[in-house]
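First up is the structure itself, then whatever we jot down about it.
The values are calculated or read from the model by the stated rules, or taken from the named source; none is laboratory data. These numbers were taken from a predicted model, which means no experiment stands behind them. Cβ: placed from backbone, ideal geometry, glycine included. Neighbour counts: every protein chain shown. These accessible areas exclude ligands, DNA and RNA; they are computed on the full protein's heavy atoms, side chains included. Shrake-Rupley method; radii C 1.70, N 1.55, O 1.52, S 1.80 Å.
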Amino acid sequence: MWLGRDVEPPSRKGLEGCDCEGKCSKKTCKCWKKQIEYTGSYVPDGFMYDARGLLRAPGLPVFECNSLCNCGEECRNRVVAQGRKCKVMIKKTTKKGWGVFACERIRAGTFIGIYSGELLGHEESEERAVKYDAFGRTYLFDIDWWYIDNAMEKKEKAVAEAAAAAGISRIQTRPQGGGQTVTIATVNRVPTKMMVEAHPDASDADRKVERKQRKEKKEERVNRKDDSESDSDSDSDGERRKPSKYTIDAYHAGNFTRFLNHSCDPNAALTPVYIDVDDIERPLLTIFSKREISYGEEITFSYSGDLDTDEEEQQHTRSQPATPNNKRGPKSKKNVKPKHQSADSPKQDKKSKALVHVACQCGAAKCKGTIWRE
Ligand SMILES: C[S@@+](CC[C@H](N)C(=O)[O-])C[C@H]1O[C@@H](n2cnc3c(N)ncnc32)[C@H](O)[C@@H]1O
C-alpha cells in the first residue's frame with residue numbers, strides 16, 4: 001500500500017494483541033472480544049473464520065490476530081495474514097476490458113486477495129475521480145462501510161461526554177503570532193489557555209503573518225463547508241452520510257484485484273479486514289468468495305456494495321445481531337444491508353455524476369443496467 005498526499009503511516013498506538021497460547025479461544029482472546037463488539041453473535045461462536053479458514057459472513061468487518069498477538073501461525077483468526085492460496089488468472093473479456101478468472105474450484109468464503117494500491121485522502125481522491133471519470137475507467141474504491149460512521153459517532157460522543165464530565169464545554173485551537181498556536185478550553189464557561197506556544201518576541205511582521213493566516217484559515221473553513229455540503233452523499237434511504245475519509249486507488253499501483261469487474265449477481269464480496277492497525281477508518285479492503293466459484297468462472301463483486309440476492313437479505317434480516325454498532329436492531333433494513341459503497345460510487349458527486357454512469361455488461365439475469373448505483 002502506498003500512501004497518498006497528507007496520509008500518515010498507519011497508527012499502531014492503540015493496537016492490542018491477545019495473550020492466547022497456540023490457538024485462540026474466546027475465553028482469552030482480545031481480538032475475539034473486539035470482533036464481538038462489531039458483529040456480536042452473527043456467526044455461531046463469534047469467530048469469523050471456520051476451522052478451514054473460510055469466511056462465514058463476507059462483507060462484515062473482520063478483526064484478525066496481529067503481530068502483537070501471542071498465538072501461533074496456526075491460529076484460525078489469521079487468514080488474510082497468511083496470503084492468497086487459490087489460483088487465479090487475468091484474461092481479456094469481450095465487453096469489460098480485463099477480468100479475473102478462477103483457475104480452480106474456489107469454495108465459498110475463500111480469501112481471494114487484498115485490493116491494494118494507494119491510500120488517498122478525500123481531497124486527492126476527488127481530484128483523481130474527475131480525471132478517471134473522463135475516460136470512463138476507474139480504480140477508486142472508497143472506504144465507507146456503514147459501521148465506520150457508527151464507530152466514529154460513538155467515539156465523538158465519548159470524547160464530548162468525557163470533556164463535559166471534566167467541565168470542558170469547548171476546545172479551540174487558534175493561531176498566535178509567529179506561526180504559533182494556542183489551545184483554549186472553556187471550562188465551566190471560563191476560557192482557560194491550556195497551552196501557550198506563542199513566541200514571546202513576536203514582531204509586527206509576525207503579527208501581520210498571523211492576521212494573513214487567520215484570514216486564509218477562515219476562507220478555507222468556508223470553502224470546506226461548501227464542499228462538504230455538495231460532497232456528502234445521500235444513501236438509498238435518503239439519509240445523509242459523510243464522505244469517506246480514505247479511498248484506495250489502484251490505477252498507479254496495485255495487484256491482480258484491480259482487474260476484478262462488477263456484476264449485479266456477483267460471486268465474491270468486499271470485506272474490511274483489520275490486522276496491524278488501530279484505526280477503524282483504515283481496514284484492508286479484501287475480496288472473499290461468497291459462493292462456490294467453478295473453474296474458469298469470472299470472479300466479480302458488486303461495485304455498489306449491495307447484498308445481491310433476495311435470500312441473503314432475508315437471511316440477514318433474520319439473524320443480524322443487535323451489536324453496539326447496530327443501533328437500529330435486527331429488523332431494520334438499513335442495518336441488514338452493509339452500505340459499503342466502497343466501489344467508486346461516492347464519486348458520483350455533482351461534478352462527475354454524469355460521467356461515471358457506465359452501462360453494465362455483467363450479463364446477469366437481474367442486471368441493474370449500470371455498474372454504479374445512482
Ligand atoms: C476496477 S476496473 C476493472 C478492470 C477493468 N476491466 C480493466 O480492464 O482494467 C473498473 C472498470 O472496469 C470496467 N467494468 C467493470 N465491470 C464492468 C461491467 N460489469 N460492465 C462494464 N464495464 C465494467 C469499467 O470501465 C470500470 O471503470
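Can you say whether residue 50 is touching a helix residue (DSSP H, G or I) at 6+ places or on another chain (Cβ under 9 Å), touching a residue at least 24 places away in the same chain (Cβ under 8 Å), open to solvent by 20 Å² or more (accessible area, probe 1.4 Å) and not β-branched (Val, Ile, Thr), as far as the supplied structure shows?
Working: touching a helix residue (DSSP H, G or I) at 6+ places or on another chain (Cβ under 9 Å): no; touching a residue at least 24 places away in the same chain (Cβ under 8 Å): yes; open to solvent by 20 Å² or more (accessible area, probe 1.4 Å): yes; not β-branched (Val, Ile, Thr): yes.
It is false that residue 50 is touching a helix residue (DSSP H, G or I) at 6+ places or on another chain (Cβ under 9 Å), touching a residue at least 24 places away in the same chain (Cβ under 8 Å), open to solvent by 20 Å² or more (accessible area, probe 1.4 Å) and not β-branched (Val, Ile, Thr).
Conditions (1) modelled with pLDDT of 50 or more; (2) in contact with a Leu (Cβ under 8 Å, 6 or more places away or on another chain); (3) within 16 Å of the ligand (Cβ to nearest atom), marked per residue:
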position: 255; (1), (2), (3): yes, no, yes
position: 262; (1), (2), (3): yes, no, yes
position: 278; (1), (2), (3): yes, yes, no
position: 297; (1), (2), (3): yes, no, yes
position: 319; (1), (2), (3): no, no, no
position: 330; (1), (2), (3): no, no, no
position: 357; (1), (2), (3): yes, no, yes
position: 364; (1), (2), (3): yes, no, yes
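Per-residue answers, yes or no, for (1) more than 16 Å from the ligand (Cβ to nearest atom); (2) open to solvent by less than 60 Å² (accessible area, probe 1.4 Å); (3) part of a helix (DSSP H, G or I); (4) closer than 30 Å to residue 295 by Cβ:
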{"site": "67", "(1), (2), (3), (4)": "yes, no, no, no"}
{"site": "72", "(1), (2), (3), (4)": "yes, yes, no, no"}
{"site": "108", "(1), (2), (3), (4)": "yes, yes, no, yes"}
{"site": "116", "(1), (2), (3), (4)": "no, yes, no, yes"}
{"site": "126", "(1), (2), (3), (4)": "yes, yes, yes, no"}
{"site": "129", "(1), (2), (3), (4)": "no, yes, yes, no"}
{"site": "144", "(1), (2), (3), (4)": "yes, yes, no, no"}
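Looking at residue 90, is it under 21 Å from the mean Cα position of the chain (by Cα), hydrophobic (A, V, I, L, M, F, W, C), within 15 Å of the ligand (Cβ to nearest atom) and open to solvent by 30 Å² or more (accessible area, probe 1.4 Å)? Talk me through it step by step, then tell me what you get.
Values: under 21 Å from the mean Cα position of the chain (by Cα): no; hydrophobic (A, V, I, L, M, F, W, C): yes; within 15 Å of the ligand (Cβ to nearest atom): yes; open to solvent by 30 Å² or more (accessible area, probe 1.4 Å): yes.
Taking the combined requirement at face value, the residue does not satisfy it.
When region 93-106 is filtered for residues that are part of a strand (DSSP E or B), within 10 Å of the ligand (Cβ to nearest atom) and surrounded by fewer than 20 Cβ atoms within 10 Å (Cβ to Cβ), the ones remaining, listed by number, are 98, 99.
Has region 82-97 got any residue that is over 30 Å from residue 297 (Cα atoms) and free of Cβ contacts under 8 Å to residues at least 12 places away in the same chain? Please lay out each step first, then the result.
Of region 82-97, the ones over 30 Å from residue 297 (Cα atoms) are none.
Among the residues of region 82-97, not one is over 30 Å from residue 297 (Cα atoms) and free of Cβ contacts under 8 Å to residues at least 12 places away in the same chain, which makes the answer no.
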